[in-house]
Every structure is written in C-alpha cells, then in structure tokens.
1. Report, by residue number, each residue of segment A:263-306 that is farther than 20 Å from A:Leu208 by Cα and in contact with a Gly (Cβ under 7 Å, 6 or more places away or on another chain).
2. I'm trying to understand the selection: among the residues of segment C:57-82, which are of a type in the set (Lys, Arg) and assigned to a helix (DSSP H, G or I)?
3. In segment A:17-56, how many residues are β-branched (Val, Ile, Thr) and more than 13 Å from A:Ile274 (Cβ to Cβ)?
4. Can you pull out the residues in segment B:178-205 that are of a type in the set (A, V, I, L, M, F, W, C) and either in contact with a Pro (Cβ under 9 Å, 6 or more places away or on another chain) or not in a strand (DSSP E or B) (or both)?
5. Among (1) closer than 22 Å to A:Glu227 by Cβ; (2) of a type in the set (Asp, Glu); (3) away from chain B (no Cβ under 14 Å), there is one condition A:Asp79 misses while meeting the rest; what is its number?
6. Within segment A:60-80, count every residue that is hydrophobic (A, V, I, L, M, F, W, C) and open to solvent by 10 Å² or more (accessible area, probe 1.4 Å).
7. Looking only at segment C:193-209, decide whether some residue is in contact with a Leu (Cβ under 8 Å, 6 or more places away or on another chain) and within 11 Å of another protein chain (Cβ to nearest Cβ).
8. Give the residue that is nearest to the other protein chains (Cβ to nearest Cβ), with candidates limited to residues of segment B:139-148 that are out of contact with any His (no Cβ under 6 Å at 6 or more places or on another chain) and not hydroxyl-bearing (Ser, Thr, Tyr).
4 protein chains.
Amino acid sequence: MNWQFILESVYADVKPVLGEGRVADYIPALATADPGAFGMSAVMLNGDCFSVGASDTRFSIQSISKVFSLALALRNAGDTLWDDVGHEPSGTTFNSIVQLERENGRPRNPFINAGALVVTDSIISQYGRDRALQEILAFIDKAAGSAGVSVNKTVAASEETWGDRNRSLAYFMKSFGTLKNLPTDVLNTYFHQCAIEMTTASMAHAGLFLANDGIDPISGSRFATHEQVNRINALMLTCGHYDMSGDFACRVGLPGKSGVGGGILAVAPGKGVIAVWSPALNQAGNSHAGTLALEFFSDRADLNLF
Amino acid sequence: MNWQFILESVYADVKPVLGEGRVADYIPALATADPGAFGMSAVMLNGDCFSVGASDTRFSIQSISKVFSLALALRNAGDTLWDDVGHEPSGTTFNSIVQLERENGRPRNPFINAGALVVTDSIISQYGRDRALQEILAFIDKAAGSAGVSVNKTVAASEETWGDRNRSLAYFMKSFGTLKNLPTDVLNTYFHQCAIEMTTASMAHAGLFLANDGIDPISGSRFATHEQVNRINALMLTCGHYDMSGDFACRVGLPGKSGVGGGILAVAPGKGVIAVWSPALNQAGNSHAGTLALEFFSDRADLNLF
Amino acid sequence: MNWQFILESVYADVKPVLGEGRVADYIPALATADPGAFGMSAVMLNGDCFSVGASDTRFSIQSISKVFSLALALRNAGDTLWDDVGHEPSGTTFNSIVQLERENGRPRNPFINAGALVVTDSIISQYGRDRALQEILAFIDKAAGSAGVSVNKTVAASEETWGDRNRSLAYFMKSFGTLKNLPTDVLNTYFHQCAIEMTTASMAHAGLFLANDGIDPISGSRFATHEQVNRINALMLTCGHYDMSGDFACRVGLPGKSGVGGGILAVAPGKGVIAVWSPALNQAGNSHAGTLALEFFSDRADLNLF
Amino acid sequence: MNWQFILESVYADVKPVLGEGRVADYIPALATADPGAFGMSAVMLNGDCFSVGASDTRFSIQSISKVFSLALALRNAGDTLWDDVGHEPSGTTFNSIVQLERENGRPRNPFINAGALVVTDSIISQYGRDRALQEILAFIDKAAGSAGVSVNKTVAASEETWGDRNRSLAYFMKSFGTLKNLPTDVLNTYFHQCAIEMTTASMAHAGLFLANDGIDPISGSRFATHEQVNRINALMLTCGHYDMSGDFACRVGLPGKSGVGGGILAVAPGKGVIAVWSPALNQAGNSHAGTLALEFFSDRADLNLF
C-alpha cells in the first residue's frame, strides 16, 4: 500500500491522543516542547520519502544518537567494543547503576546510559576529545544526506547542568577501568551528542543504511558492515526502548530506538525507515503518540517482522 | 537455496564442535544424554520437511514447552494473561527470584521459570489440575501433526526430586496471589510438561503455526491469532535464551527458544521453522552446537530478520 | 531507682499512645488482638519481678521464639551452626529472599525468617522432627521457671495457612542444601514455635539467663555458655528489630527482640530483663507502645549500654 | 585488673599473627605501610593512659575520621542530619551504590562512604568549603588534648587520584538532592579528612568523650550531648565494621570503628577507650591483629557489653 496514504491515515488516527502524556522535564531545556507537536517521515529503500505533520521541525534526538554513535564506534573498534559493553537487555531502567555494581562496571548494552558512555569513550579513544563530537556529527550528517545536523547549545548546557546521574555512572565505570578517557571528556561529548537536533525527514534518511545492510541506497555510501547492521538492529529490537523494549517489540515488531525528546527511529530491514516525533511521553519515557503511530504504520504497511 | 543442501553443509560444519560444552546435570535423568548427539530439521511453509542427523530421536524439550503452553494459555485467557506475567526481558538468570521480590511477585516474562509457572497456572484454571497436562500434550501433538508426543516419566520424576528452586518460586508467587491454584498442582503439571519428548522433525512441524500467522499450513488448523503470534515471536526474540537472548538475536536474528535438554526451536516468520538438538550446552545453558548450527543456517538461508 | 516505680511511670506515660499503629494482620488469628492492650514486666538478677498492666495475659511471642530456639540450637550444635547462617545485619526486610540469592542460600542472621528456619532445621537434626517442637517448648518453659508455656493451635494453623512466603524461603534454602531436613518438617515446627504463647512475666523470667552469662539466677540452671550469651545479645542488638534495629539500638540501647504479636524482650546484661507487650505495631512491624515504653524504662533505670 | 598489664599480655599474644593479612593497596600511599607494625593505647575515664608498641607512630585514620565528623555535624545540625542519612546497618559493602539506588539516594548510615559524604556535606553547609576541613581537624585536635593532629598531603593526593568510586557516590547523591554543596567540594574535604594522621595514644584520648556521655573528663570540655553519644556508640556497634559489624559485636562487644589504615577505635562506655593500629587487614578490610587485640583486651578487662 502507498506509504504516503498510510502516513496520512496514521496521522488522522493519532490526532485524538496528541498531547496525552508528559513532556520530559528532567532538564528545563526540554520541558518547553509543545506536547501536541507531531511529525513523521518514512523513507523507502528506493529513496522515496514521505512525510506528515511537522516533519521539518528540528527536535532533540537525545538517546537516538546512541544508534549512530554505536555504528561509528563499531566501524572503528570492531568487535573489541564488546569487551567493555554487553549486548543483552538489562531488565532495569535506563540510568540504573545497580547492574553495573553487580557486573563489575561493564554495562549490559550500548543503549542504557552507561553503555552509551562506553561507546562515546571508544570514539574519543579513536579521534581524541576535541574531534569526537565533530566526528559523530559528521557521521550522522553524511548518513542523513548532508542535512545540516546541529547541536542545540542550550540543551547541551542544560544536560551538563542536570547531568549528575550520568557523572555518577561515568565515575563508577572509571573506577573499574571500563572508561579509558577522562570522565569529564566523555561526559562533555555525550552531553553534546544528546543535544543534536534533526527533523524526522533527515532522521529517516540517516537510518536508511540500517535497512539496507549498511549502505545508504541514495548515496551509495557504506556506513556499516552487514554483520554490524544485524547486531545494531538486534540491539534496537531487544534494548531500544529501555524497560518497554518487549512491549515495543510486541506492538510494532521492528527495531526501534526512542529518545526522551519524543523521537523514535524504526527500521524495517529491506524495506525502509520510519522516524516519528511527538514530545509527550508515556510512563516509560517513550513518545506516546509516536509509539502508537509506529504501531499503526507497521500494521498497515505490513512491516511487523513477526 | 535448497534447504536440504544447507542443512547438510551446516551439519558438516558443526561436526568438529559436537560434544564441546556440558550436558545439563541439574537433574540426573538428563545427565546421561550423549553430548555428541545432533539432529536438525527444517520445515517450509509449503510443508516440505528436511532433516539431518538424529532428527528422529526423541529428546527432552524442557523449556521449549513454554512456547506451546503460552500459546495454549493465550488462546484461553487472552490478554488477561498479562495481568499476572509481563513481556519484558528480565536481565537475570532463568531461575532468579530477585526480580520477583522487587516487582511484587509478577514475573517479567513467560519464559523465565516463574513466568512459565504462571502460564501453567492459567491452564489449570481453565481445564482443572487433572486435565491440564493432557491438554498441553494434545495441543503440541496436534500442532506437530499427531506425531505421538509423550512425557518421559523418569525425567518428570527427576524434575520433581530436584524441583526445590521451582517450588520456592511457586510458593513465592502464591504468597503474592499471582498463582490462583495450589502450588503443588502447578508444579506437578509443570514438571511433567518439561519432561515432554519430541524429535526435531515433529518439533519443527509443531512450530510451523508461529511462522504462518497462527495457522498450521499443513493441516490448516489455527492455533493462535495473528496478534498472539506476533507477541509470542517477539517474546522468543527478546527473552527466549535467558541471559543470552541478545546474543542469539545478534547471531541468529530469529525468534528462538532453547531448553536445557539441548533443543532449540527457531521461527522464520513467513518462511518456515527450524528445530535443532544437541545436548552439550554453553555457559548460558543453551545448546552449543545447536546455536552455531542455527547461526549458519540463518545466514546461508538468508533468514536473519535484521 | 525502684523498678516498680519506674514501670508505673512508664505505663502512665505510654497510655496516651496505646492503640496507635496497626495490629498485625498477615494472619487472621493475630488480627483480633486488642490494639490498646499493654503489659510489661521487669525481672532483676536477684529474682525480684515487677509488673504493670496485662502482665498475666498470654500473647503470641512470634519471632521472639527465635532467641530461645537459637540458644537451644547453639547448645547442641555449637559453632558449627554458623556454617549455615551468618551473624551480620541483613539490611533487608525480615522475609526478603534477595539476600539469599546473592549469597548462595545462606541467610545473614538467625533473626530474619530464613535464618530462623535454619536454626529450627538444626534442632530437628538433633532431636528429630517429632520431638523438636517439644524440646523448644521445654527449653523455654524451663527458662521461664516452669510457667506452663503452650502453643496456640489456632495461631499455628493460621501460620500454616498463610505460610507461603516462608515455604518459599525454605525450599529456596533446600535447593542450596542449607536445610538438611524436609522443608515441610522444618516449616511445621517453625509455624508452631511462632505460635507459642507467654505472659510478659514469664517471658522476662525466661530471658534472665541472657542477662546473667547463661545461668538463670533463680533456678541456678545454665542455659548457655558465656560466649554464647555474648553472641546472642550482640545479635539481638544488631539484628533484633529487622530494618529498625539501628533505631532501637539508638533509642533503647539494649539487646532486644521483637515479634509481630506485639511483644519485645530486652536484656540489660548484668542487671535484668524487661518484657513488654502491646499489639499495635509501627511501620517496621515492632510494637509501637512497647518500643516507647522500653525507651523510657532504659532511660529512667539508666540501662542504656552506650 | 591493671590495664597496662592487660595491654602487655595482649601485645604478647598477638605478636605471632602480626603481618598476617594484607595492607590496604587501593591507594598507593597506604600500600607502603609496614604490615607487622602494631601500637595500642587505652585511656581510662580518670585520664590514666596506657600503651604498648608503636603507640606514638602516626597512622592514617581513614574511616575512623567518620566518627568525629559525625559528632561535629550532629553538634551543628542536630537531628536534622538524619533527614539525609539513616542509622541502620546496610547489609552491603562500604562503597556499595546499590542501596542508594533502592532508597532514593539516602545512605543507610554515616559510616558507609556515601553516608560519610553526607556528613561532610553538612559540615560544609555550616562552615563553608574553605573552613570545613580545618574545623574537623580542630574538633579532633581539641578532643585529643591538642595533640597536633595533621593531614598527610601525600595520602590526600592519593585519595584524590583514586577517588572515582567516591566521586560516583557523590554525584549519585547530588542527583537526588541529598548533597547540598558541590560534589567536588565535598569530595575534596572528604579526601583530606580521610588522610588525617594520629597516634593510638592521641586517638584514644580523642575518643574519651564517647565513653563519658559527651564530656572529655581530662579537659572537662563537652563535645556531644548524652543523646548524641548514645546514638554514635549505637551506630559504631551496629555499623562500625562494614560487613563484619556483627562479627565485631560478637567477638569484642564494644562500639568500634575501623579504618583501612589499620586503626580501630573502641569505646567502653563509662570505663574508657582503646585505640589500636596494625596495618595488615583481614578480608573485610579491618585490622587483623587489631581486632584480635581488642577481643583479648575486652575479654580480659571485662568490658564486653553483652
């Protein structure tokens, strides 16, 4: 069925719930987002791009950045990355430190905060602290077809101001030797990486290599190997939505990664990518309308993997 | 590519590792299995069945029974089943009780032991304690095309003798009201259900409805709804291999469920089902050669979902 | 100062709070206790006994029985008892199973439920399942000067009916080999031991050997060695009030053991013993008025060890 | 019995075990201590001071400083201090963060590292970050009779270099609002406080107010109220030796606080204070010979509270 038609039907059907839930307020810079905003884009492997709503509005991608930093770190470090971070669901909340103490400072997977810090640490080991952020940005921007991805400095500053829990995770892992660089450098890069802004249109394009075995079908550039893509998608499916990953897998049936900014990136391997944004979150911290929209889209476009 | 040809190439390639690992010894009745045994069967949606090795040898399906009891319980109880058991990865070992205490006696998912006891409890609520086992057997036998599925009474007795950890889980949940029936009845049915024996050939057939939206394409019988199949497969992918579910998802990329008897059932939605058996286990308690064989098969038959 | 005078002043001062809090309702047989009831007795080493209130009313001693079963088990097993149970505070609630899983089925101390089951198990190993309860009763009765201690069969039956959490603890430890006897036998003895009834007057006498290096100064009988008494008192001080042991130590400054029946036994080494009973409990499950009365008594009789 | 005579007999009896165990090596500055060193001092309420061994050698008091900082913080903040730190045993290791996550960033007691950081934070709130250390030093020095207490800057620098686990605890609590001041300021004061050096002779004098209801009997100065002393001693008894507090209570029967520098301070209320130092530690991180010496001394001088 025509994806534009599906997008429009989905948009119509989620309109009644827009604004339900709560905008993230753990940092003031996110708390001002419009809870009723909604944008959604879908890109097919042939490059056709479809959108509805505020698909050209930039939003804070937050934890969705972890997908791209993971791809970049894997490209450089290869499987040695898994020495310092696992690839199993954690069964705990995104910022839990309990699992770290039980398992000697090695985070369960790259999508909980502790694991994402390990990934960023690996990127700093490769490029140095001064270039790391710029390389992450360049990676995403190239994947998005040079869409002009940028960092929102107000959000980055707010992350820094309210970043004590992440600092705690970083120093905890440093005490076990999991982090190789200075926690302050890792955190600085991480806070900025979380503050990257994109539109759903550019995000959908940026994720396209994950639906196409590592190659962006539009530019022809390779961003990851076949095996790396398999692993990244498997991790998104098992761990991409924190403590509701199982629920997302059951309802949407696609690898997906959410961010507290209200964005979700979903990958339909061999078919395309969908990006959605709506800032009001459900209790687990995932976009309420965004999750529902993906459930509808996956069902109507027959994308559910299961 | 021809699945029989792939099976044979896989069999040749795993032969060198047959016997590596340890046969389950938590109950004496399993400890006598031949660590070097190996059987594998694959069934396509059109009913074509292919096999290599000891595909007609009966083995103890153990935790793989949880997939079928879940399907049976869902058919009867519908979504009310999720009131008493979650659908999220647990992040802990299969017999952990820690998560239960933290979350008021509600197990994380139906594939950890505690969750499977809840599923069995639901079946007893439907059929009574005297018929529950027989209904589970009948369900599996029908799904397998009347293959003559049976319970190994020696294994069941051994489960009972060494079942104190499961008793502890059952009484713990009873104290929270999660179980509705007598723990002794739930445990008795559960111990027997774990002692069911099948061949890889019959198991592959039995799982076929999971690859075909709930309908066995050979008999035409419906065993589950489309939505239930989506959920069961999603659960197998996220939780089917205990603390190595993420690893299995990364390497094989298919919904799968393992048992300590050395069996693994893997589902390729829309394509077919593969069952493998080899009793020597890796550290996480999953068949060592079986996992490797599925990794090879998934890769060569291009079944990886990601 | 004269202890009778102090008892009367304490009684007068706690009267306004009698009935505040909640009577234990985890078993129906306890839920009918009068929340405003109060009895208190103090015995000096010279045998002088003082009382106020309902000091001749029998109440369910519940967990206070753990002190006497520990003394009996130590007399028989000596320090080998500590192979299966520790002597450290647990930092968790009385019926927590989390600590057991973390520490391979060995409970932290003899006063949490799991630890008390180990103690009872040791007594069964010594006397057999048929005599164990009778020996515990005989030990307490002799310590109390043949006061006619008895088991309330209604309470014992209620413990049994609502004993699933304790069953879970017992089977959990059995799976680790911590318990040597059948969990059903250990539980049966334990449920009856918790249902023992005494008056505050007889309980104060029964505890006197703990204030006198192991010898009841009235009868001259030895119930424990000097070293055993030191250890039992140290355990009461550090672990006798579950998650409020530190608070009791700060406020009362004496080794003490509480029970959910509303009783508390407090030992003033070298001076005497105080027993109090008032069924309304505070949030931590300790007698509200009883704790306050002991705080007043300890202060006014200058008994605080610190 | 004459305390000097007892000290000498104790010294003779522990000589065979001197050097058994391991010197703390978590920071390089402590790893160079002589494992066979031993000093011990005992002061009676009348001011008589007795010593054996290296009682005039300065050693790093480490966690024993937590007793004095607690007394100072209580003097200023009173019972409001307990809003941010509990007074219950933790059941976990000294640097565990698990309990903090379970209980919303409020540490269990002032003697685990997290709790001690809260105490130091309270002192900074009172005096400011620039004066806090100096006030702690002045408090201890005055309690010790102006013994010239000092900070070892090499040890303080080493604490700082290897302080990532403590940084993690501090930022964790900051994220919950438990700490009121900058974590860097709290940590800086804390690292220096741990690096304070004293002799056993001056430490025994410094603790004397804890044996005398808050007043140093030599100088007549009051350092704490009666109630505060009761609480500090109760905390030392229940929580003073981390995960071996129960063992110390059983064996020594006195409030005590150990440090990884090999020192232990023990209080005999109404009688006197004993300080011992020997750097080789047992598995729980407490002085091996020091604990044994206190067990002998407590027994021979009949000081065991129980």
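The values are calculated or read from the model by the stated rules, or taken from the named source; none is laboratory data. As the structure is a prediction and not an experimental result, all values here were calculated from the model. In this analysis, Cβ positions are derived from the backbone assuming ideal geometry, glycine residues included, and neighbour counts consider all displayed protein chains. For the accessible areas, the whole protein counts, side chains as well, though only heavy atoms, and no ligand, DNA or RNA atoms are used. Shrake-Rupley method; radii C 1.70, N 1.55, O 1.52, S 1.80 Å.
1. Scanning segment A:263-306 gives A:Ser278, A:Pro279, A:Ala280, A:Leu281, A:Asn282, A:Ser287, A:His288, A:Phe306.
2. To start, the set of residues in segment C:57-82 that are of a type in the set (Lys, Arg) comprises C:58, C:66, C:75.
Of everything in segment C:57-82, those that are of a type in the set (Lys, Arg) and assigned to a helix (DSSP H, G or I) turn out to be C:Lys66, C:Arg75.
3. Here is the first cut: in segment A:17-56, the residues β-branched (Val, Ile, Thr) are A:17, A:23, A:27, A:32, A:43, A:52.
Next cut, more than 13 Å from A:Ile274 (Cβ to Cβ) only: A:17, A:23, A:27, A:32.
Adding up the residues that qualify gives 4.
4. The answer is B:Leu179, B:Leu182, B:Val186, B:Leu187, B:Phe191, B:Cys194, B:Ala195, B:Ala201, B:Met203, B:Ala204.
5. It fails just one condition, (3).
6. Taking segment A:60-80 and keeping what is hydrophobic (A, V, I, L, M, F, W, C), we get A:61, A:64, A:67-68, A:70-74, A:77.
Applying the additional criterion that residues be open to solvent by 10 Å² or more (accessible area, probe 1.4 Å) yields A:77.
Residues that pass the stated criteria total 1.
7. no
8. First pass over segment B:139-148, keeping only residues out of contact with any His (no Cβ under 6 Å at 6 or more places or on another chain): B:139-143, B:146-148.
Adding the requirement that they be not hydroxyl-bearing (Ser, Thr, Tyr) leaves B:139-143, B:147-148.
Values: B:Phe139: 20, B:Ile140: 21, B:Asp141: 25, B:Lys142: 22, B:Ala143: 18, B:Ala147: 25, B:Gly148: 30 Å.
Per the criteria, the residue is B:Ala143.
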